[in-house]
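One structure is given here, and the rest of the page talks about it.
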Amino acid sequence: MMCDSHFECRCQNRFGYLRHHPKESCHFPFLFQTSRYHRSISVGGGQMIVVVDLDKTLLKIDSFPAWYFYNLRHSAVSNPLLFAHMFYLGFKRALGLISHVTFKENLMKMLDKSDFHELFAKDLSKHLRIDLADHLKKLQEDATLILSTAAPNHYVQHLPNIFRFNLTKFSPATSSSKI
């Protein structure tokens, strides 16, 4: 099996990983390609699965705090009551009175009916890593792209249309769902 990636490749056998130079031949049927941004696995029959993280990988930023501040800013004008609740929730989190999980759950409930999710997803496109996006667009013809993220589905569900990728989302909250 020839490796056609310009990234470092590792072949795995029962004793562990063997590194080799890109373009050299892989000696084992299981190919694990790695780059700074994603992991891909070739399984039997040439099927490749590419797993990429959203925050600080596909995007240059952590999207959850950006989502909070985006909604806080937009709700200040459109819904002052929501703004007050979000500000209070953020204040409690900043003081350490509530956990990140509680903060995230309450924020997701508050923003369930928000109209800003798709707009925020479009806003995220300016933080997209262009080099990785181009690489994934090339890979999507021969691979299944999996977006691994704990980010709220409120805005993640809009990303494939905006980034123009065919992605399958995997997160701890939902085992696997097509987005």
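For region 53-100: of the residues being among the β-branched types (Val, Ile, Thr) and part of a loop (DSSP other than H, G, I, E, B), which is farthest from HIS135 (Cα to Cα)? Lay out the reasoning, then the answer.
Residues of region 53-100 among the β-branched types (Val, Ile, Thr): 57, 61, 77, 98.
With the extra rule that they be part of a loop (DSSP other than H, G, I, E, B), the set shrinks to 61, 98.
Details: ILE61: 19, ILE98: 40 Å.
Per the criteria, the residue is ILE98.
Report yes if some residue within region 10-24 is small (Gly, Ala, Ser) and at pLDDT 50 or above; otherwise report no.
There is no residue in region 10-24 that is small (Gly, Ala, Ser) and at pLDDT 50 or above.
Report yes if some residue within region 53-60 is open to solvent by less than 60 Å² (accessible area, probe 1.4 Å) and in contact with an Asp or Glu (Cβ under 7 Å, 6 or more places away or on another chain); otherwise report no.
yes
Just to verify a result, which residue in region 62-77, among those that are without any contact (Cβ under 8 Å) to a residue 12 or more places away in the chain and open to solvent by 50 Å² or more (accessible area, probe 1.4 Å), is farthest from ASP115 (Cα to Cα)?
The extreme case among them is ASP62.
Residues of region 91-115 being surrounded by 16 or more Cβ atoms within 10 Å (Cβ to Cβ) and polar (S, T, N, Q), which ones?
Residues satisfying the conditions are ASN106, SER114.
Checking VAL50 against (1) part of a helix (DSSP H, G or I); (2) within 26 Å of THR168 (Cα to Cα); (3) open to solvent by less than 50 Å² (accessible area, probe 1.4 Å); (4) not polar (S, T, N, Q), which single condition isn't satisfied?
Unmet condition: (1).
Identify the residue in region 145-178 that is assigned to a loop (DSSP other than H, G, I, E, B), surrounded by fewer than 17 Cβ atoms within 10 Å (Cβ to Cβ) and in contact with a strand residue (DSSP E or B) (Cβ under 7 Å, 6 or more places away or on another chain) and, among all such residues, is modelled with the highest pLDDT.
Once the filter is applied, the top-ranked residue is ASN166.
Return a yes/no flag: does region 49-72 have any residue that is more than 17 Å from PRO160 (Cα to Cα), modelled with pLDDT under 90 and more than 21 Å from the chain's Cα centre (by Cα).
For region 49-72, residues more than 17 Å from PRO160 (Cα to Cα), modelled with pLDDT under 90 and more than 21 Å from the chain's Cα centre (by Cα): absent.
Scanning region 116-130 for residues that are in contact (Cβ under 8 Å) with a residue 12 or more places away in the chain and not hydrophobic (A, V, I, L, M, F, W, C), which turns out surrounded by the most Cβ atoms within 10 Å (Cβ to Cβ)?
HIS117
The values are calculated or read from the model by the stated rules, or taken from the named source; none is laboratory data. For clarity, every value in this text was computed on a predicted model and none was experimentally measured. All Cβ positions, glycine included, derive from the backbone under ideal geometry; neighbour counts span all protein chains shown. Just so you know, the surface numbers come from the protein's heavy atoms only, side chains and all, with ligands and any DNA or RNA stripped out. Shrake-Rupley method; radii C 1.70, N 1.55, O 1.52, S 1.80 Å.
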